[in-house]
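As structure tokens, the structure follows; a few thoughts come after it.
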Amino acid sequence: MELREFRPEIPCIVVANKIDADINATQKSFNFAKKFSLPLYFVSAADGTNVVKLFNDAIRLAVSYKQNSQDFMDEIFQELENFKLEQEEENVPDQEQNSSIETPSEEAASPHS
């Protein structure tokens, strides 16, 4: 509920693991997933059942969310990321500027007459 309060659009998935230990778990109803209209995946990390599907779907949801988000918090995070990148660029010495400055010994050796 706290996640939905602060990030209402962020994608969420409910995962029921260890179905290899009890296949009957796939017949159970999970009220949490129903209550919040969340996709429910039955998986087994031990034998790999539905693990790849879960990750593929999670990645698709995340990419879609990132590309289409209208969440105000995402805008804030993007601005913070841009600000950080700008600061990093300011701290990197300009290689072109440093290489074009001649030292006094180079000036004496170069024929500028």
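Per-structure values
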| read-out | value |
| --- | --- |
| Exposure of F30 as accessible area (Å², to 10), given a probe of 1.4 Å and all protein chains | 70 |
| Amide H contacts under 5 Å for V15, placed H, 5+ residues apart | Y41 |
| Which of L54, L80, L61 is most accessible, then next, and so on - probe 1.4 Å | L80, L61, L54 |
| Cα-only Debye scattering, region 42-88: base-10 log of I(q)/I(0) at q = 0.22 Å⁻¹ | -0.78 |
| Simple spin-label estimate for N31 and K84 in nanometres, 7 Å along Cα-Cβ | 4.0 |
| Restricting region 1-95 to trypsin sites (Lys or Arg not before Pro) in coil, as DSSP defines it, with at most 14 other Cβ within 10 Å | K18, K28 |
| Separation of the E75 and N56 label points, Cα + 7 Å toward Cβ, nm | 3.6 |
| Phi to ³J(HN,Hα) by Karplus 6.51 cos²θ - 1.76 cosθ + 1.60 over region 29-35, Hz, x for Gly, Pro | 9, 10, 4, 4, 5, 5, 4 |
| Residues of region 8-88: accessible area per residue with a 1.4 Å probe, Å² | 75 |
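The values are calculated or read from the model by the stated rules, or taken from the named source; none is laboratory data. Please read all numbers here as calculations on a predicted model, not as lab measurements. Cβ: placed from backbone, ideal geometry, glycine included. Neighbour counts: every protein chain shown. Ligands, DNA and RNA are excluded from the accessible area calculation, which covers all protein heavy atoms including side chains. Shrake-Rupley method; radii C 1.70, N 1.55, O 1.52, S 1.80 Å.
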